[in-house]
Each structure stands twice: as structure tokens, then as C-alpha cells.
Amino acid sequence: MSRIPATFSKLKTSGHKALIPYVTAGFPFADITPELMHAFVAGGADVIELGVPFSDPSADGPVIQKAGDKALAAGIGMVQVLDMVRAFRTQDTSTPVVLMGYANPVERYNQKHDRRDGKSAFVADAAAAGVDGVLIVDYPPEECEGFAAELKSHGLDLIFLLAPTSTDERMQQVAAVASGYVYYVSLKGVTGSGTLDTASVEAMLPRIRQHVSVPVGVGFGIRDAVTARAIGKVADAVVIGSKIIQLIDEVPRDQVASVAENFLREIRTALDS
């Protein structure tokens, strides 16, 4: 079993909501990610989402696309991302780590030449590195039963996105294979776009929970303590990505971790108040 269910159970018992920061692995410097992950935890993160850089990130807005391009230019791929998780695990064995990305890097993953099935190789290596869950944006739930079972056999959760346009049928399909938590995309569009409508989120979550039994996190559009606190009142988790990337972009290397930690500490305080 991954670390994710136990983390959410502990938070529920204590009456707290999960804070889930996202950052593209290898951004803004190729070797900074493990250090940045520790800063996230110091700032109050409960789960960490690591974005796997990909050349055609269809769900990502310009901020995360730019971060992915920079990471790709630095030579960051799935193998390097798993190395970052391993490095993080040498000091932190309790904070759940979720990889968020696209099908191509998973399908093409084959670290050892004697492995033909990239997907199976990825699952085994991700589990060994200390990954707890994966969110593959372009894997539809109706085609993921086998992948979900393989992940579960290695103690990993398969996490899915839901959107304002998701039908009851789609929610049922997600519920059949999802574990860990589901990620509700609060806006129509890509990451970092639009203005968050907390009332519409509040109206949508009871409908999602009619079908989905795992915790529900909300992301896309949460940019400050005020919006985080509003979403935290109704969701099980708050996910923040684009704002973090904007804050640490162009920051001197020795200040990146402290900038991220201080920002998350503000969000943590707002969630807990």
C-alpha cells in the first residue's frame, strides 16, 4: 500500500486538509528538486506532486510548459525523475510522492535493455524509487484496469482528473479504478488559467462524492492563502502548482527552497486556521 491513504486518514482524524504542492522535476535547476521537495515538507506539504517533463503537455498552461521546456533542455526525463525521488527518500520516508505527467514517457520507459514492456518497467522502478502514485493525464479510466492492477500490486495508487464537464458516467468510470485521491480540475482550460469560482467548486464536490469514495483534491486556479482556505473548507486537499513555479522562476539558486517554503507556510497557516 502507498503512503497516500494513511496520510489522508491521519489528516481526517486531526481535522486538517492536505496541502499538495506541484513542481516540474528539474525546474528551475536540474539538480535542485530533492532539496525543493524537502522545502515543501518543511513548509507544510502533506503530499508532493512531481511533474514529469514532456514535449507536448496538452493540459498545461504556459507557466508549466515553460518549466517543462527548461527541464527538458537540461536533460530531465523519467529516469532522472526517479533518481530525484530516490534522493529524496534517503532523508524522507514518509511523505507521499505522486508523479504527474503523460502517457508517452511511461510507454517509452525502458531503463534496462532486456525489458520490452516500458509500462511494466516503469511501475517496478517507480515503486523501487519510492513513488506512491501516478497521475497520467491522457490515460482514460476505461482503459486502465490492467495498469491500475499492476500499480496496486506494487503498492502504488492510480490518480485521475475530474473536471467541471465530467458526467456521472465518467465519475463512475474513475471510481472503478482510482485510488489514493482524485484531482478535481476546478477550471475549464489548462493549468494556471482563469479565475477560481469557489461557489461552483463547492456545488460540484457533493456530486463527485456520490460516486467517488477516495479523497478529493482541488487544483488549477489556487494561487494564494485566501483561495486555498476557501477551497480547503470543502475539499480534502488543495493542490498548488503554477503559482509556485512562477515564484521560483528566475530566483537565485540559493533562494529557491526558502521562497517555496515560505509561500507554502502561508498556505498551511490559512488551511489550518
How do Glu49, Glu250 rank when sorted from fewest to most other Cβ atoms within 10 Å of their own Cβ?
Glu250, Glu49
Given Cβ charges of +1 for Lys and Arg and -1 for Asp and Glu, the option among Ser242, Leu271, Gln80 whose Cα lies farthest towards the positive end of the dipole of the chain is Leu271
Correct semi-axes for the stretch 4-272, from √(5λ) of the alpha-carbon gyration tensor and rounded to whole Å with the largest first, are 25, 23, 17
Would you tally the net charge around Thr90, using a Cβ to Cβ cut-off of less than 15 Å, leaving Thr90 out, and scoring K and R as +1, D and E as -1?
-2
Given contacts defined as C-alpha pairs under 8 Å and at least six residues apart, what's the relative contact order of the chain, whole-number percent?
23
Please arrange Thr95, Thr165 by counting, for each residue, the other beta carbons lying within 10 Å of its beta carbon, fewest first.
Thr165, Thr95
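Just so you know, all these numbers are worked out from the coordinates, no wet-lab data involved. All values reported here derive from a predicted model rather than from experimental measurement. Don't worry about glycine lacking a Cβ; one is built from the backbone with ideal geometry, like all the others, and counts go over all protein chains shown.
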